[in-house]
Amino acid sequence: MAVPVVAVETFSTGAPTPFFQFHGRAPVSSTDLFTYDVAKDGNRFLGNRYVKPDVIPPLTVVLNSTTSAK
């Protein structure tokens, strides 16, 4: 949300309006509260969102890789 602010003689605010719409990714853990941050320079919002890949590569799991084959 964005709120217009006037701070000349007294401090007053206007009505809140939506700033932007963002569909972030699902949290990974209970401590994963935010899927966005503000850039160090303060000029951008950085969002971590899920992007579905066109192709999902297979996952290869190697067990006992240090054992020698006989």
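Just wondering, is there one or more residues in the range 24-43 that are within 22 Å of Ala2 (Cα to Cα) and in contact with a His (Cβ under 7 Å, 6 or more places away or on another chain)?
no
Please determine, by comparing only the residues of the range 12-23 that are surrounded by 10 or more Cβ atoms within 10 Å (Cβ to Cβ) and modelled with pLDDT under 90, which one is nearest to Ala2 (Cα to Cα).
Phe19
Residue by residue through the range 4-42, note down the ones that are outside any loop (DSSP other than H, G, I, E, B) and aromatic (Phe, Trp, Tyr).
Once the filter is applied, which keeps residues that are outside any loop (DSSP other than H, G, I, E, B) and aromatic (Phe, Trp, Tyr), the range 4-42 yields Phe11, Tyr36.
Out of all the residues in the range 43-65, is one or more part of a loop (DSSP other than H, G, I, E, B), out of contact with any strand residue (DSSP E or B) (no Cβ under 7 Å at 6 or more places or on another chain), on the phi > 0 side of the Ramachandran plot and open to solvent by 100 Å² or more (accessible area, probe 1.4 Å)?
Yes, the range 43-65 contains at least one residue that is part of a loop (DSSP other than H, G, I, E, B), out of contact with any strand residue (DSSP E or B) (no Cβ under 7 Å at 6 or more places or on another chain), on the phi > 0 side of the Ramachandran plot and open to solvent by 100 Å² or more (accessible area, probe 1.4 Å).
The values are calculated or read from the model by the stated rules, or taken from the named source; none is laboratory data. This is a predicted model, so every value here is computed, not measured. Backbone-built Cβ (ideal geometry, glycine too); neighbour counts: all protein chains shown. Just the protein is used for accessible areas: all its heavy atoms, side chains included, with ligands, DNA and RNA removed. Shrake-Rupley method; radii C 1.70, N 1.55, O 1.52, S 1.80 Å.
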